[in-house]
Ligand code: MF3
Ligand code: CO
């Protein structure tokens, strides 16, 4: 497997995409409240992408028609924005946006909680975030790919939650999805060696109970089999000389 190494011009474009995406998701947070539909959220985000000269990677991808994926509660990922999907009090809302700037991509997802927030659900979402951070800690030159996978799984299972197996993170750069596939589980020390200039999108998908999932009749939405809540967070990380550079967080990289 040949993992693309990005030159500095490409990396700068990805950073621009990542920083703009992070700003857009931060600016949308206040809108995520009871009564708004996921289609309205998607439209707001699409307008902001357009104003920032970002092109959504999902729109037109394998027939997908929207700029974002918005997944509620037991939906894990790839929820299709819809006018009749209206956010309710207490919902777990996952928003995933991938976009390019001058042909280079960044990919990002966050899990938002609509008040009133159940403390157990807050803890669950915190674990998804911590697992992502543990994975990112492994994104260093000389590590093996599956060191990332193992770190994520360990953190999730240590807290008694489940890791979804059927979907994974991915390389990213000139395309939304590049090699390698980055599993969120596995034993360390396997796969390609991580090198300077690789772009990786890490995205743990975790469940409160069983990790088994299925695809809903709409052909996209991934849901938990047992109906348990799911969380999903994603950042795009560039492997730099001085460690992981997270390009989808404000005030970083
Ligand atoms: N943003 C997703 C990811 O994290 C990809 C979008 S799936 C699509 O890889 F089908 F909606 F495009
Ligand atoms: Co992704």
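Rule-based calculations on the coordinates, nothing more; no lab input. None of the values given here were measured: they were computed from a predicted structure. Counting neighbours? That spans all protein chains shown, and the Cβs are built from the backbone with ideal geometry, glycine included.
Would you calculate the separation in nanometres between label points at residue 89 and residue 250, each defined as 7 Å from the Cα along the Cα-to-beta-carbon direction?
A separation of 2.8 nm, rounded to one decimal place.
For the pair residue 226/residue 82, report the inter-label distance in nm, with labels modelled 7 Å from Cα in the Cβ direction.
In this crude spin-label approximation the distance works out to 2.6 nm.
In nm, to one decimal, how far is the residue 126 label point from the residue 187 one, both placed 7 Å along Cα→Cβ?
Label-label distance for residue 126 and residue 187, simple model: 3.3 nm.
Largest first and in whole Å, what are the equivalent-ellipsoid semi-axes of region 8-246 based on the Cα gyration tensor, each being the root of 5 times an eigenvalue?
Semi-axis lengths for region 8-246 are 26, 23, 15 Å.
Output the peptides 157-165, 60-68, 205-213 sorted from most to least packed, where packing is the average of other Cβ atoms within 10 Å over each peptide's residues. The partial results should precede the final answer.
Values: 157-165: 17.3, 60-68: 15.8, 205-213: 21.4.
Per-residue Cβ counts within 10 Å, averaged per peptide and sorted highest first, yield 205-213, 157-165, 60-68.
Please state, rounded to one decimal and in Å, the Kirkwood hydrodynamic radius that region 138-253 gives when every pair of distinct Cα atoms enters the mean of 1/r.
14.9 Å
Report, please, the projected area of region 45-150 averaged over directions, based on the convex hull of its C-alpha atoms, in nm². List each step's numbers first, then the result.
Working: hull surface 35.5 nm².
One quarter of the hull surface, i.e. the mean projection, equals 8.9 nm².
Residue 174 to residue 27: extension gain in nm, 0.36 nm per residue of separation minus the Cα-Cα distance? Please list the in-between numbers first.
On the way: separation 147, 0.36 × 147 = 52.92 nm, distance 2.62 nm.
Going from the current span to full extension adds 50.3 nm.
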